[in-house]
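Worksheet for the structure shown next.
The values are calculated or read from the model by the stated rules, or taken from the named source; none is laboratory data. Not measured: the values here are computed from a predicted model. Every residue, glycine as well, gets a Cβ built from its backbone with ideal geometry; the counts of neighbours run over all protein chains shown. Note: accessible area is taken over every heavy atom of the protein model, side chains too, but ligands, DNA and RNA are not part of it. Shrake-Rupley method; radii C 1.70, N 1.55, O 1.52, S 1.80 Å.
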Amino acid sequence: MIRHLLSIKDLDPEGIERVLATAATFQADGPRIMRKYPTLRGKTVVNLFYEASTRTRTSFELAAKRLSADVVNFSVSGSAVEKGESLKDTAQTIEAMGVDAIVIRHSSSGAPNRLAGWVSASVINAGDGMHEHPTQALLDLYTIRQHFGSFSGLRVAIVGDIAHSRVARSNVWGLQMMGADVTLVGPPTLLPPRVEGWGVETTADIEAVLPKADVVYLLRMQLERGTGATVPTLREYSRLWGLDAARATLLKDEALIMHPGPMNRGVEITADAAELPRSVITDQVANGVAVRMALLYLMLGGRDAREEVPVE
Amino acid sequence: MSKAVVFRGARVVDPASGRDETADVRIEGEQITDIGKISTNHAEEIDCAGLILAPGFVDLHAHLREPGREDAETVATGTRAAARGGYTAVCAMANTDPVADSAAIVEQVVALGRAAGLADVYPVGAISVGLQGEQLAELGEMATSSARVNFFSDDGKCVQSAGLMRRALEYARAFDAVIANHAEEGALASGGHMNEGEVSSILGIAGIPAEAEEVILARDLALAKLTGARLHVPHVSTAGTVELIRAAKARGVRVTAEATPHHLALTDDLVSGYDPVYKVAPPLRTRDDVDAVRKGLADGTIDCVATDHAPHPPEDKEREFDLAPCGMLNLETALGVVVTELLDPGLLGWLRLIEAMSTAPARARGLDGHGGPIAPGTPANLVVFDPATAWIVEPEKLASKSKNTPFAGRTLKGKVVHTMLRGRFTVREGSDADGQR
Ligand SMILES: [Zn+2]
């Protein structure tokens, strides 16, 4: 298994399959994992979060604890970064404590790459700037596979602020690796520069895409103000690119609605659309724990999950 | 009195006189006294077979960091690096702390250069007070001070206001001074940390498009034409910039331009590991841009090579890419990069290379005594280098106080053997010299 997970591209399709299959064994008794496994007893996982994210941090924490690892939460506020200890100093401090894995969330793209160069522990990227969020992509892939069984030929529409989204980047590379077709939907101001190089289709017309999509994946939309604003108002964004229950009727019967959370209800998705039966948004959250368990398990434990016997 | 020196049998490449031939060069005191076939007459003889002798290099653009950031570089360490790179004249950029926007600061920088005695230091004055881009600095005070500043730049900061830029160009004409504007439109570049392109798109780093440079340059060229003033374009980084300068020169606009070793050699894909050693302003661009900048330098559209030598201590560079400062070391590696990347592949010859490293920058700033000609009666500001010897760049061996070279581990061809400043060795036999002989 890989030493670091900095980008979803650190895995190949077989590696992704292995993570997803291992996650499934942890969910053998149902989506909520109640059992605790002894695999990582004696190992220490540090959650190094430079951005507040209760959701992702908690998911990693639960995953590590279900595998009997010790978990240390190391939260650093934005202001401390500006004047206090540098990332390198912090890395060396954590390294000196002797830990096995560092889960890092950081507002700077590439911070996990830098960290990996300074420590001997495994580094897991829990979201860096506009770069990647590979464990989000893994849990999204897991959720999609739960419903469709495979990826080849699936059409996935990712809607919204692709340019600034680490979730979009990891999902696009991951979905492509697994054989899905990706279409990016939004105004050109929200598409990344030189998107031609991404190997995806792009369009500004969500209603043309929905009838063909197997998955519609909505990204969180935030308003930048001033002359650099990417859309004039959230109201206009919502009207032209948001998903409401009426627009969702354009979807095929078996199509899924996904969102990485937290949702801006009424902006990229309305409450009624988020609560449609085809919405798997809460499944994504539950699956996150299983997928992160699988990843920690494979990166730090190295044994086959089927040999494991729960301790509780 | 010091003994005369004869450099014996060097290939003398001197664009100012058009000379490119094997010859002996005799130095007495501070001056060149003879050139041609010379008998050794009460002189120390230095064998230069296989070596090139040229006018000492001239750098229009270096950050020596003093006053203010002596932890990164000082005038003494920066000019030591310059001497090792074959330079005899270095223009020190204005973004010091305090900013070089007054006569007192520019005179201090000159004095520090004299005290070090390793290269002539010519300060660049700020265009605007505190580099703030709001109010014209006292260009006249700096021009008429003992530092005699005739070159102004808010380098690192672009003069955003077209009105201020027009006034600066107009006012500079009173002193026949040059205005060098870092071309980067603020709103287009805002938040960017690398070239906007395929690489930044994948890395998720906010980009600075080539057009941020080009829209300001197009404006500045129009203003240079309007005012009849002299504009210098620092660190050309895009193919579009090369085209704009080419067209402006054809129209008779008084413009000169420089390219840095890194914009001649390196591309934006190096940023892929997020190492800020590759972070620089303007950013490393694409292969097409590098090819255009090389071609522009070879054909003279870009007049000269300037280093934009920008030292930063390790703690500033060893951090997250977006939080690290811009800049790279270059003084000690510039010759090697230009020889390896441009001369060796046949993009330019020795006369053009020496012109770009010495004669053209000296002319752009009117630096008498630098850039040749190598002729009796002129100051002995010279470099002698081995064009063929390959060497590996080892950051810890550089003279600069900082180690942020993007060329670490690279094999370069072209190594300085002697550097001479007004008849005194600053580098001798490849080793630091203190000016004695
Ligand atoms: Zn500079």
Exercise for the section: Would you calculate a helix-derived [θ] at 222 nm for chain B, using -39,500 (n - 2.57) for each DSSP H run of n ≥ 4 and dividing by the full residue count, to the nearest 500? Expected result: -7500 deg cm²/dmol
Practice task
Using only the Cα atoms of the range A:57-189, each taken as one equal point scatterer with no solvent, compute I(q) by the Debye sum, divide by I(0), and report log10 of the ratio at q = 0.15, 0.17 Å⁻¹.
Solution key: -0.84, -1.00
Practice task
Evaluate the relative contact order of the range A:134-284 (contact order divided by residue number), counting alpha-carbon pairs under 8 angstrom at least 6 apart; express in whole percent.
Solution key: 24 percent
Exercise for the section: Taking amide H positions as placed in the peptide plane 1.01 Å from N, state which residues far from B:ASP120 in sequence (5 or more) or on other chains have amide H under 5 Å from it. Expected result: B:ALA89, B:VAL90
Handout entry: Segment A:ARG235-A:GLU275, length gained on full extension (0.36 nm per residue, minus Cα span)
Key = 12.3 nm
Problem - Neighbour net charge for B:LYS415 - beta-carbon separation under 12 angstrom, K R +1, D E -1 - result: -1
Completion exercise
The local net charge around A:ARG114, scoring Lys/Arg +1 and Asp/Glu -1 for residues other than A:ARG114 whose Cβ lies under 10 Å from its Cβ, equals -2
Exercise for the section: Evaluate the Debye formula for the protein assembly as shown with equal point scatterers sitting on the alpha carbons, no solvent, and hand back log10 of I(q)/I(0) at q = 0.08, 0.09 Å⁻¹, in q order, two decimals. Expected result: -0.73, -0.87
Practice task
Enter the angle in degrees (range 0 to 90, nearest 10) between the Cα long axis of helix B:75-84 and the first principal axis of the Cα atoms of chain B, meaning the one along which they spread out most.
Solution key: 60 degrees
Completion exercise
Rounded to the nearest Å, the spacing of the alpha-carbon centers of the range A:240-254 and the range A:3-27 is 31 Å
Practice task
Give, rounded to the nearest 20 debye, the magnitude of the charge dipole that the protein assembly as shown has about its Cα centre when Lys and Arg contribute +1 at Cβ and Asp and Glu contribute -1 at Cβ.
Solution key: 300 debye
Exercise for the section: With viscosity set to 0.890 mPa s and temperature to 25 °C, compute the Stokes-Einstein D of the range A:134-284, Rh being the Kirkwood radius across alpha carbon pairs; µm²/s, no decimals. Expected result: 161 µm²/s
Exercise for the section: Compute the Rg/Rh shape ratio of the range B:341-437: radius of gyration over Kirkwood radius, all on alpha-carbon atoms. Expected result: 0.99
Exercise for the section: Pull up the DSSP beta bridges for the range B:56-365 and report the antiparallel fraction as a percent, rounded to 5. Expected result: 5 percent
Completion exercise
In the range B:295-321, the residues losing 30 Å² or more of accessible area (1.4 Å probe, heavy atoms of protein chains only) relative to their chain alone are B:GLU318, B:ARG319, B:GLU320
Problem - Size of the B/A contact, given as accessible area buried on both chains, probe 1.4 Å, in Å² - result: 1700 Å²
Handout entry: Acute angle (nearest 10 degrees) that the helix B:103-116 long axis makes with the longest principal axis of chain B, alpha-carbon atoms
Key = 40 degrees
Completion exercise
With the dipole of chain A defined by +1 on each Lys or Arg Cβ and -1 on each Asp or Glu Cβ, the option from A:TYR142, A:VAL119, A:LEU240 whose Cα lies farthest towards the positive pole is A:VAL119
Completion exercise
Here FRET efficiency (C-beta to C-beta, A:SER68 to A:GLU201, R₀ 60 Å, nearest 0.05) is 0.85
Exercise for the section: Report, to the nearest whole %, how much of the accessible area of chain A belongs to carbon and sulfur atoms, 1.4 Å probe, protein only. Expected result: 48 percent
Exercise for the section: Let me know the charge dipole size of the range A:134-284 about its Cα centre in debye, to the nearest 20, where only the beta-carbon of Lys, Arg (+1) and Asp, Glu (-1) is charged. Expected result: 280 debye
Exercise for the section: Please say if the range B:1-41 is rounded, prolate or oblate, where rounded means a/c under 1.5 for a ≥ b ≥ c the square roots of the C-alpha gyration tensor eigenvalues, and otherwise the choice is prolate for a/b larger than b/c and oblate otherwise? Expected result: oblate
Practice task
Sort largest first and round to whole Å: the equivalent ellipsoid semi-axes of the range B:70-179, each the square root of five times a Cα gyration tensor eigenvalue.
Solution key: 25, 14, 12
Practice task
Using the heavy atoms of the protein chains and a 1.4 angstrom probe, tell me the accessible area per residue for the protein assembly as shown in square angstrom.
Solution key: 37 Å²
Practice task
On a C-alpha basis, how far is the centre of the range B:301-366 from the centre of the range B:409-426 in Å? Whole number, if you could?
Solution key: 15 Å
Handout entry: Near-label residues of the range A:94-108 by backbone N, under 17 Å of a point 7 Å along Cα→Cβ of A:SER120
Key = A:94-102
Handout entry: chain A - convex hull of alpha carbons, volume per residue in Å³
Key = 129 Å³
Handout entry: Mean shadow area of the range B:139-263 over all directions, Cα convex hull, nm²
Key = 8.2 nm²
Handout entry: Potential lengthening between B:SER161 and B:SER146 on full extension [0.36 nm per residue; Cα-Cα distance subtracted]
Key = 2.4 nm
Fill in the blank from the handout: The size of the Cβ-based charge dipole (Lys, Arg +1; Asp, Glu -1) of chain B about the Cα centre, to the nearest 20 debye, is 1120 debye
Practice task
Determine the residues within the range A:181-227 where the difference in accessible area between the chain on its own and the full set of protein chains amounts to at least 40 Å²; count protein heavy atoms only and use a 1.4 Å probe.
Solution key: A:PRO193, A:ARG194
Exercise for the section: Note every residue of the range A:114-161 with a reduction of at least 30 square angstrom in accessible area, all protein chains present versus the isolated chain, computed with a 1.4 Å probe, or write none. Expected result: A:ARG114, A:MET130, A:HIS131
Problem - On Cα atoms only, tilt of B:162-172 relative to the major axis of chain B in degrees - result: 30 degrees
Handout entry: Of B:THR88, B:LEU266, B:LEU342, farthest towards positive along the dipole that unit charges on Lys, Arg, Asp, Glu beta carbons give the range B:56-365
Key = B:THR88
Problem - Accessible carbon and sulfur surface of chain B relative to its total accessible area, %, 1.4 Å - result: 49 percent
Completion exercise
Dividing the alpha-carbon radius of gyration of chain B by 2.2 N^0.38 Å, where N counts its residues, gives 0.93
Problem - Normalised contact order of the range B:192-284, rounded percent, pairs of Cα under 8 Å and 6 or more residues apart - result: 30 percent
Problem - Share of alpha-carbon pairs per 5 Å distance bin for the range B:303-378, given as whole % - result: 3, 14, 18, 17, 15, 12, 10, 7, 2, 1, 0
Completion exercise
Among B:VAL290, B:SER128, B:LEU53, the residue whose Cα sits farthest towards the positive end of the charge dipole of chain B, when +1 is placed on the Cβ of each Lys and Arg and -1 on the Cβ of each Asp and Glu, is B:LEU53
Problem - Mean separation of Cα contacts under 8 Å (6+ apart) over length of chain B, as relative contact order % - result: 20 percent
